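Notes follow the structure.
The values are calculated or read from the model by the stated rules, or taken from the named source; none is laboratory data. Model, not experiment: these values are computed from the prediction. Reconstructed Cβ throughout: ideal geometry from the backbone, glycine too, with neighbour counts over all protein chains shown.
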2 protein chains.
Amino acid sequence: MENYRRTERTRVRRLPERGHYDRATVHAILDAGFICHVGYVIEGQPYVTPTAYWREGERVYWHGSSASRMLRNLAKGIPVCLTVTHVDGLVLARTGFNHSINYRAVMALGVAEQVTEEEHKLAALKEFVERLYPKRWDTLRPPSKQELKATTVFSMQLDEVSAKVRVGPPHDNAEDYALPIWAGVLPLTLTPGMPEPDPLNLAGLTLPEHVRDFVLER
Amino acid sequence: MENYRRTERTRVRRLPERGHYDRATVHAILDAGFICHVGYVIEGQPYVTPTAYWREGERVYWHGSSASRMLRNLAKGIPVCLTVTHVDGLVLARTGFNHSINYRAVMALGVAEQVTEEEHKLAALKEFVERLYPKRWDTLRPPSKQELKATTVFSMQLDEVSAKVRVGPPHDNAEDYALPIWAGVLPLTLTPGMPEPDPLNLAGLTLPEHVRDFVLER
């Protein structure tokens with residue numbers, strides 16, 4: 001697989017050794033999450049909206065309601081920036097300056113396309129649910145025509161994309177390693193807690209496997 | 001304390017009952033995190049960059065290197081959108097359409113101001129380290145003139161700001177509550193793991209309290 005094209009707009013300038021442009025790295029970061037931040041511009045003002053996303057092949061999808069500011073404007077075909085960030089740890093160094101954060105991030109530039117065909121919209125939503133909760137979709141009441149109509153799905157081709165990744169211990173100045181200061185990494189993970197059943201669940205329902213064994217592939 | 005002004009640009013349109021404009025809610029969300037997504041526009045293209053931030057009173061601060069695309073451009077005084085999002089849980093409903101995510105988000109619009117005075121920059125960086133790791137700052141090698149010079153700190157007045165919060169169980173259509181489908185919330189928390197000491201730490205250093213007892217006030 002070819003790399004994504006590295007343009008002046010996506011080239012990682014600050015600490016270029018952290019930049020990645022290969023599809024495997026980008027796909028893995030995208031597939032490890034479900035919340036992105038979509039940036040778009042209205043009358044010169046940038047807006048950054050968190051929303052749920054998913055990837056299929058070389059496209060990324062995200063959705064929301066037709067009523068929202070973002071979706072009404074994206075439908076006009078304006079440029080967007082979709083950024084996904086996973087925080088992996090806090091990096092404690094021997095001087096304030098070298099403190100850092102371990103993370104994996106992807107930035108994808110492009111123009112959003114609205115998914116309008118009902119079939120395609122349905123398939124995209126199914127993919128979203130199934131990716132987080134394998135085998136759940138078929139247990140659900142299928143979406144009504146009205147629900148599909150009220151759902152707006154956008155997609156964007158992955159083309160002008162870069163990843164930026166920081167891993168490992170702090171990088172301190174050579175002379176600072178002689179200082180008696182504890183340095184290291186405090187890992188952080190988004191961890192599922194005890195499932196909270198809806199108080200309105202019917203009696204006797206058992207916890208489905210896709211909840212009991214839920215894993216985020218982070 | 002007065003609310004933030006609710007403009008056409010920050011008013012929550014989609015599900016307005018989730019919108020909050022009071023300072024207590026906004027401050028609590030900002031203080032519960034340390035990574036924001038900053039949106040800015042260069043030649044019509046939006047960019048969304050994850051970066052570390054912190055709040056002091058009615059200002060939000062973020063930092064990075066003078067070499068980065070974001071910082072070189074923000075210094076020109078262009079409009080930004082700073083968004084902070086905490087993911088609190090996955091909401092599983094009885095139909096795909098009603099699946100949702102529990103989250104707390106803040107969106108702040110404004111113009112970034114560069115912090116240029118060395119004293120102010122130093123105080124801001126100290127505040128950042130101390131907020132995450134109380135009492136760590138005084139144990140560190142103090143920043144050199146050169147390090148302070150290489151650090152760019154931006155700040156923005158909190159003025160045009162809104163919060164959006166979703167909590168609680170799924171909201172399903174009345175008739176769907178009769179279906180034998182498990183619904184509920186799977187809570188998610190960013191959880192610290194076992195600290196990973198830098199392999200280059202001097203022998204005999206003990207784990208500091210600010211690492212051992214680390215809490216994210218989320």
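Quick one: count up the residues across the stretch B:81-101 that are farther than 25 Å from B:Gln45 by Cα and either over 16 Å from the mean Cα position of the chain (by Cα) or within 8 Å of chain A (Cβ to nearest Cβ) (or both).
Here the count works out to 14.
Would it be correct to say that B:Ala52 is of a type in the set (A, V, I, L, M), part of a strand (DSSP E or B) and more than 8 Å from chain A (Cβ to nearest Cβ)? The answer is no for B:Ala52. Screening B:Met70, B:Met107 for residues that are surrounded by 22 or more Cβ atoms within 10 Å (Cβ to Cβ), hydrophobic (A, V, I, L, M, F, W, C) and at pLDDT below 95 leaves exactly one candidate, B:Met70. Does the stretch B:74-97 contain at least one residue that is part of a strand (DSSP E or B), among the hydrophobic types (A, V, I, L, M, F, W, C) and at pLDDT below 95? Yes, the stretch B:74-97 contains a residue that is part of a strand (DSSP E or B), among the hydrophobic types (A, V, I, L, M, F, W, C) and at pLDDT below 95. Residues that are out of contact with any strand residue (DSSP E or B) (no Cβ under 8 Å at 6 or more places or on another chain) and closer than 21 Å to B:Pro50 by Cβ: does the stretch A:90-97 have at least one? Yes, the stretch A:90-97 contains a residue that is out of contact with any strand residue (DSSP E or B) (no Cβ under 8 Å at 6 or more places or on another chain) and closer than 21 Å to B:Pro50 by Cβ. Considering the stretch B:117-127, the residues that are within 10 Å of another protein chain (Cβ to nearest Cβ) and not charged (D, E, K, R) include one that is surrounded by the most Cβ atoms within 10 Å (Cβ to Cβ), namely B:Leu125.
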